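**Student:** Got a structure for you, written out below as structure tokens; questions coming shortly.
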Amino acid sequence: MAGSKSNYLENSVLNYWLGKSFTSTAPPTVYVALYNSTITDAWTSTSTGECAGSTYARVAVTNSSTNWTNASTGTKENNSVIQFTTSAGADWGTVKAFAILDTTSTASGNSLYWGDLTANQTISSGNVVQFSTGAITISED
């Protein structure tokens, strides 16, 4: 999956490592969201394009080594299955991308990482949506 850090996170990392005061800490929980539109580094959580529909909600993932592998060669992966609701209660449309954010509320919070899906996925009513273990790879390259 192609993807990157958001501008928000890039600026936070630079400030942390290169002399600017840094007051933020890693969130104890991150939230995975799905998008019907493409995302870029400049995208923010208030940009349009997040899926909507009956039973859609961001997925809470405890920010721990149980759910994310240790970094190796500049990458991390999800270490457990990340599953959305039991099934889509209505059509969510064609999903093109995902993002990892610091809040559960749609259209709020800070985007941290994002990525394009390898192939667009049409989510219809009744579909179960999940990322298998190792399906999300975050890279610092």
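The values are calculated or read from the model by the stated rules, or taken from the named source; none is laboratory data. Since this is a predicted model, take the numbers as computed values, not measurements. Glycine also receives a Cβ, built like all others from the backbone with ideal geometry; neighbour counts cover every protein chain displayed. Keep in mind that these areas ignore ligands, DNA and RNA; they rest on the heavy atoms of the full protein, side chains included. Shrake-Rupley method; radii C 1.70, N 1.55, O 1.52, S 1.80 Å.
**Student:** Could you list, in sequence order, all residues of region 55-68 that are surrounded by fewer than 18 Cβ atoms within 10 Å (Cβ to Cβ) and either among the aliphatic types (A, V, I, L, M) or closer than 20 Å to Asp116 by Cα (or both)?
**Tutor:** Scanning region 55-68 gives Ala57, Ala60.
**Student:** OK, next. Scan Thr103, Thr38 and give me the residue that is surrounded by 13 or more Cβ atoms within 10 Å (Cβ to Cβ), touching a strand residue (DSSP E or B) at 6+ places or on another chain (Cβ under 8 Å) and in contact (Cβ under 8 Å) with a residue 60 or more places away in the chain. Before you say what the answer is, go through the steps one by one.
**Tutor:** Numbers: Thr38 fails: surrounded by 13 or more Cβ atoms within 10 Å (Cβ to Cβ).
Residue meeting the stated conditions: Thr103.
**Student:** Ok, one more. Kindly provide the set of residues from region 128-141 that are modelled with pLDDT of 90 or more and part of a loop (DSSP other than H, G, I, E, B), ordered by number.
**Tutor:** The initial filter retains those residues of region 128-141 that are modelled with pLDDT of 90 or more, namely 128-137.
Passing the criteria: Val128, Val129, Ser132, Thr133, Gly134, Ala135, Ile136.
**Student:** Restricting attention to region 106-127, and to residues there that are open to solvent by 60 Å² or more (accessible area, probe 1.4 Å) and more than 17 Å from Val59 (Cα to Cα), which single residue is modelled with the lowest pLDDT? Write out each step before concluding.
**Tutor:** Within region 106-127, the subset open to solvent by 60 Å² or more (accessible area, probe 1.4 Å) is 106, 118, 120-122, 125.
Of the ones still in play, those that are also more than 17 Å from Val59 (Cα to Cα) are 118, 120-122, 125.
On the way: Thr118: 91, Asn120: 95, Gln121: 95, Thr122: 96, Ser125: 94.
Only one residue fits best here, namely Thr118.
**Student:** Suppose the filter is of a type outside the set (Gly, Ala, Ser), modelled with pLDDT under 80, surrounded by 13 or more Cβ atoms within 10 Å (Cβ to Cβ) and under 27 Å from Asn79 (Cβ atoms); does Tyr8 pass it? Walk me through how you get there before you give the answer.
**Tutor:** Details: of a type outside the set (Gly, Ala, Ser): yes; modelled with pLDDT under 80: yes; surrounded by 13 or more Cβ atoms within 10 Å (Cβ to Cβ): yes; under 27 Å from Asn79 (Cβ atoms): yes.
Yes.
**Student:** All but one of (1) within 17 Å of the chain's Cα centre (by Cα); (2) open to solvent by less than 40 Å² (accessible area, probe 1.4 Å); (3) of a type in the set (A, V, I, L, M) hold for Ala88; state the number of the condition that does not hold.
**Tutor:** Every condition holds for Ala88 apart from (1).
**Student:** Another one. Thr73 fails exactly one of the following numbered conditions: (1) open to solvent by 40 Å² or more (accessible area, probe 1.4 Å); (2) modelled with pLDDT under 95; (3) β-branched (Val, Ile, Thr); (4) on the phi < 0 side of the Ramachandran plot. What is the number of that condition?
**Tutor:** With respect to (1) open to solvent by 40 Å² or more (accessible area, probe 1.4 Å); (2) modelled with pLDDT under 95; (3) β-branched (Val, Ile, Thr); (4) on the phi < 0 side of the Ramachandran plot, Thr73 is out only on (4).
**Student:** Looking only at residues in region 35-85 that are touching a Gly at 6+ places or on another chain (Cβ under 9 Å) and among the aliphatic types (A, V, I, L, M), which one is farthest from Thr104 (Cα to Cα)?
**Tutor:** Ile39
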